[in-house]
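Comments concern the structure below.
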Amino acid sequence: MKTFGKQVWRKMRRASSRGVTLIEILIVLAIVGLIAGGVAVVAVPKYAESQKNQAKNDARTIHPVAEKWRVDHPGDNCPTVELLRDKKELSQASKVTDPWDSPYKINCGEDEIQVVSFGPDKKENTNDDIRIPEQASKKE
């Protein structure tokens with residue numbers, strides 16, 4: 001009986017001291033990779049959508065301030081976001097750039113002011129531009 005207990009004890013000690021095999025590590029890495037890939041498939045489109053929503057919200061915040069500036073300063077040129085922030089019309093904490101680090105542009109027409117973000121491609125007058133208020137052709 002005593003030798004049987006020693007043999008079992010030795011086998012248990014030897015088995016516990018072996019560690020992790022390369023195959024086990026590769027299986028774990030494959031599982032982690034699959035999980036990360038699944039998360040990326042869901043998260044990346046949501047992140048892009050949240051950037052667009054942030055740009056729309058920022059432009060909606062800037063638009064009435066720019067309109068007020070034009071009413072208060074009728075002879076001046078079209079304001080920039082930096083000017084509005086420097087003149088304390090916008091909060092100092094307000095962002096003057098969109099989520100893609102391009103500055104917001106304020107376009108002044110005779111009757112309308114429009115705040116524009118050039119979108120992810122950072123090019124003016126492309127389909128991904130964000131305009132507040134939206135152009136009439138996009139509303140129809």
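No value in this document is a laboratory result; all are computed from the given coordinates. Being a predicted model, the structure only gives us computed values, none of them experimental. Positions of Cβ are generated from backbone atoms using ideal geometry, with glycine treated the same way; all protein chains shown enter the neighbour counts.
Is it the case that A48 is farther than 21 Å from D111 by Cα and touching a residue at least 60 places away in the same chain (Cβ under 8 Å)?
Details: farther than 21 Å from D111 by Cα: yes; touching a residue at least 60 places away in the same chain (Cβ under 8 Å): yes.
Judged against the criteria, A48 is a match.
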Those residues that are closer than 17 Å to A66 by Cβ, in contact with a helix residue (DSSP H, G or I) (Cβ under 9 Å, 6 or more places away or on another chain) and part of a loop (DSSP other than H, G, I, E, B), I need them from the stretch 113-140; list them, please. P133
Quick check on my filter: what residues within the stretch 50-99 are crowded, with 17+ Cβ neighbours inside 10 Å, of a type in the set (G, A, S) and assigned to a loop (DSSP other than H, G, I, E, B)? none
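Going through the stretch 100-112 one residue at a time, which ones are assigned to a loop (DSSP other than H, G, I, E, B) and under 19 Å from the mean Cα position of the chain (by Cα)?
Within the stretch 100-112, the first condition is being assigned to a loop (DSSP other than H, G, I, E, B), and the residues that meet it are 100-102, 104, 109-112.
Hits for the stretch 100-112 are W100, D101, S102, Y104.
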Which of the residues belonging to the stretch 30-52 are farther than 14 Å from T97 by Cα and among the polar types (S, T, N, Q)? S50
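Return yes or no: is A55 small (G, A, S) and touching a residue at least 40 places away in the same chain (Cβ under 8 Å)? Show your work before the answer.
On the way: small (G, A, S): yes; touching a residue at least 40 places away in the same chain (Cβ under 8 Å): yes.
Considered against the rule, which asks whether it is small (G, A, S) and touching a residue at least 40 places away in the same chain (Cβ under 8 Å), A55 comes out as yes.
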How many of the residues in the stretch 67-98 are within 24 Å of N53 (Cβ to Cβ) and either β-branched (V, I, T) or touching a residue at least 60 places away in the same chain (Cβ under 8 Å) (or both)? 4
Output the residues belonging to the stretch 99-112 that are closer than 19 Å to P64 by Cα and either in contact (Cβ under 8 Å) with a residue 12 or more places away in the chain or among the small types (G, A, S) (or both). P103, Y104, K105, I106, N107, C108, G109, E112
